[in-house]
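What follows is a set of notes on a single structure, which appears directly below.
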Amino acid sequence: MSSTPKFEIYFDNAATSYPKPPSVERAMIDYLRNIGASAGRGAYPRAMQSRDILDNTRGALAQLFNIRTPQRIIFTLNASDALNLAIKGIDWKPGDTAVVSAMEHNSVLRPLNALKRKLGIRVVKVPANSEGWVDPAGYVKAIDASTKLVGLLLASNVSGTIQPIAEVGALARTHGIPFLVDAAQAAGGLPIDVEAMNIDLLAVPGHKGLLGAPGTGALYIRDGIDLECLREGGTGSVSEHDIQPDFLPDKYEAGSHNTLGLAGLKAGVEFLLENGVAKIRTHEETLIAQFLEGAREIPGLTVYGPLDASRRVAVLSVRLEGHAPLQLAQKLYETAGLMTRAGLHCAPGAHQAIGTYPQGTTRFSFGYFTQLQDIEAALQTMAQLTSSAALQR
C-alpha cells in the first residue's frame, strides 16, 4: 500500500470476524492466567476446570444448533479441518459418487478431488444460477445408486446466497445418504437447526460468525453415522489400550485440545445465545438492505447475488467499472481505510457461476459490530472513485 489511512473500517468478517465481544478476550485471558491446564490430563482442580470449558462449549454449540447429544460435536482446527474429517471419513470405494454444488468452497472440493485422484470416486456438481442459487431439482437428477455423500453449503462466501438446505437434506434423508453442510458463512448469522434442516454432518468455524478465536471449529456427526478417524493419539481416556477409543468425542479428538481457543469460542457462542441469532440476523439484513439500496445509485457498480436482503447473508461481492478487483480493494483501503478482500475467495466454481471468473470480485462482508455509518462510508467511497474515474476519462 502506498499510504496508511488515519481510520480503518473492517469489512472482512467472512474471513475472520472482528472485533470480538469483550467477553471472548476475558475468557481467554482467564484461562491463561488462572487455569492453564489440559483437560483429562489430571485430577486436580485446574484440569477439571479445563474439562468444564470443553463440556460447556459443546453444550453451548448444541443449544445453538439444536443438537440433542453434545458429545457428537467434535472440536477441530477450523471448518476446513471439520470438512476433511467429514469427507475423508466416509468409507469410499472406487466408483462411489459425491454430489455437491458448483458453489462449494475449496475446503469441500479439494478433499473430494484428492479422493477422486486416489480412489477413483466421482464428483458431481449441481449447477447454480447467475445469483449463485442451487435448485434442489438438480440434486434429484444427480443422486443415484452410487451416491455416497450429498453436500451443500448453507450460504455462499462469494454471492452470499442462502441455499435450500432443508429441501436437499430431506432428499438425502429419503435416500439414506449422509448430508454434509458447510456452514462457514452462516453459523452465528442464520438460525441453524440440524433436526429441522435434516443435517447429518455440520461443519463450522469458530472464528467467523461464532465470534471465537482462530484455530477453533467443530463437526457435528449425527447418530448412526460412523466416520473413520484421521488422527490417533492420546485422549486421557482408556489409556491402557493402544488403539483409539471408539466412543465420541474421544474417537476424533487426539492430543491436547486448544482449550485457550475453546474458552474464547464458548464466550462467543454464549454471546450469540444471550443476544439471539434472530436479533443478529435482523441487524445484518438491515446492513445488507442499505448497501444494496445505495449501490443502485452508483454508476458502474455491480453487486452479485440476490438483490433481496432476506435471501442472502452479509457477504457482498462487487465489481466497479474501470477497476480490477485487487485494484479496487487497494483504493478502498488507501482512500478510506476500508478493509475488503479481492480475488476468487477460494471458490472458483462460484465465480464461474456468477460470471466473475477468472478475476473474481472485491468482497465486503459485515458482522454484528458493523454499523450503518460504516456502510455509508463504503458507498460514498465507491461513488467518489466512480466520479474520479469519470473525470480522468
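Things to note:
- Fraction of accessible area attributable to carbon and sulfur, the stretch 134-230 (%, probe 1.4 Å): 53
- Each of Gly236, Thr259, Phe271 was scored by the projection of its Cα onto the charge dipole of the stretch 202-282, and the greatest displacement toward the positive side belongs to Phe271; charges sit on the C-beta of Lys, Arg, Asp and Glu.
- Normalised by the number of residues in the chain, the mean separation of alpha-carbon contacts (under 8 Å, six or more apart) gives a relative contact order of 24 percent.
- Per-selection Kirkwood Rh - the chain (Cα, Å, 1 d.p.): 21.9
- Charge tally in the Cβ shell below 15 Å around Ile199, where Lys, Arg are +1 and Asp, Glu are -1, Ile199 excluded: -2
- When its C-alpha radius of gyration is set against 2.2 N^0.38 Å (N residues), the stretch 151-204 gives a value of 1.04.
- Cα→Cβ-extended label distance, 7 Å offset, between Arg46 and Val140, nm: 6.0
- Of Thr282, Ala329, Leu292, farthest towards positive along the dipole that unit charges on Lys, Arg, Asp, Glu beta carbons give the stretch 239-335: Leu292
- Length released on extending from Ser310 to Ser237, taking residue separation times 0.36 nm less the Cα-Cα span: 21.6 nm
- log10 of Debye I(q)/I(0), alpha-carbon scatterers only, for the stretch 291-351 at 0.18, 0.24 Å⁻¹: -0.73, -1.23
- Karplus-derived 3J(HN,Hα), 6.51/-1.76/1.60, for each residue of the stretch 180-185, Hz, glycine and proline x: 9, 10, 8, 9, 4, 9
- Amide H contacts under 5 Å for Thr76, placed H, 5+ residues apart: Gly217, Ala218, Leu219
- Taking every alpha-carbon pair in the stretch 1-139 and binning the separations at 10 Å intervals from zero gives 9, 22, 28, 23, 16, 2 percent.
- Relative to the Cα centre, the charge distribution of the chain, modelled as +1 at Lys and Arg Cβ and -1 at Asp and Glu Cβ, gives a dipole magnitude of about 660 debye.
- The stretch 279-393 shape via C-alpha gyration tensor axes, a/c threshold 1.5: oblate
- The stretch 141-286 shape via C-alpha gyration tensor axes, a/c threshold 1.5: oblate
- Sorting Ser38, Ser17 on solvent-accessible area from highest to lowest, probe radius 1.4 Å, gives Ser38, Ser17.
- Simple spin-label estimate for Lys88 and Ser387 in nanometres, 7 Å along Cα-Cβ: 5.3
- In this structure the amide hydrogen of Asp12, modeled in the peptide plane, comes within under 5 Å of the amide hydrogens of Ser365, none closer than 5 places in sequence on its chain.
- Of the cross-linked pairs Lys118/Lys251; Lys20/Lys279; Lys88/Lys208; Lys266/Lys331; Lys118/Lys208; Lys116/Lys141, those separated by over 28 Å at the C-alpha level are Lys266/Lys331; Lys118/Lys208.
- Residue-by-residue Karplus 3J(HN,Hα) for the stretch 269-282, coefficients 6.51, -1.76, 1.60, Hz, glycine and proline x: 5, 5, 4, 5, 5, 5, 7, x, 5, 4, 5, 5, 4, 4
- Put the Cα centre of the stretch 188-242 next to the Cα centre of the stretch 1-46 and the gap is 20 Å.
- Computed from backbone phi with θ = phi - 60° and the Karplus coefficients 6.51, -1.76 and 1.60, the 3J(HN,Hα) list for the stretch 93-110 is 10, x, x, 5, 10, 10, 10, 10, 9, 6, 8, 5, 6, 4, 5, 9, 5, 5 Hz; x is used for glycine and proline.
- Rg and Dmax, both from the Cα atoms of the stretch 224-280 and both in Å, are 15.9, 49.
- Ser256-Leu273 pseudo-label distance in nm [points 7 Å out on the Cα-to-Cβ vector]: 2.7
- Relative contact order of the stretch 282-330, pairs being alpha-carbon contacts under 8 Å that are 6 or more residues apart, as %: 35
- Among 76-85, 199-208, the order from most to least packed when residues are scored by Cβ within 10 Å on average: 199-208, 76-85
- In the context of the full set of protein chains, residues of the chain present 43 Å² of accessible surface per residue (probe radius 1.4 Å, heavy atoms only).
- log10 of Debye I(q)/I(0), alpha-carbon scatterers only, for the stretch 53-122 at 0.19, 0.21, 0.26 Å⁻¹: -0.83, -0.91, -1.10
- Three-way shape call for the stretch 246-321 based on the alpha-carbon gyration tensor, with the a/c threshold at 1.5: prolate
The values are calculated or read from the model by the stated rules, or taken from the named source; none is laboratory data. Bear in mind the structure is a predicted one, so any value in this text is a computation, not a measurement. All Cβ positions, glycine included, derive from the backbone under ideal geometry; neighbour counts span all protein chains shown. Surface areas here come from the heavy atoms of the whole protein model, side chains and all, with no ligands, DNA or RNA. Shrake-Rupley method; radii C 1.70, N 1.55, O 1.52, S 1.80 Å.
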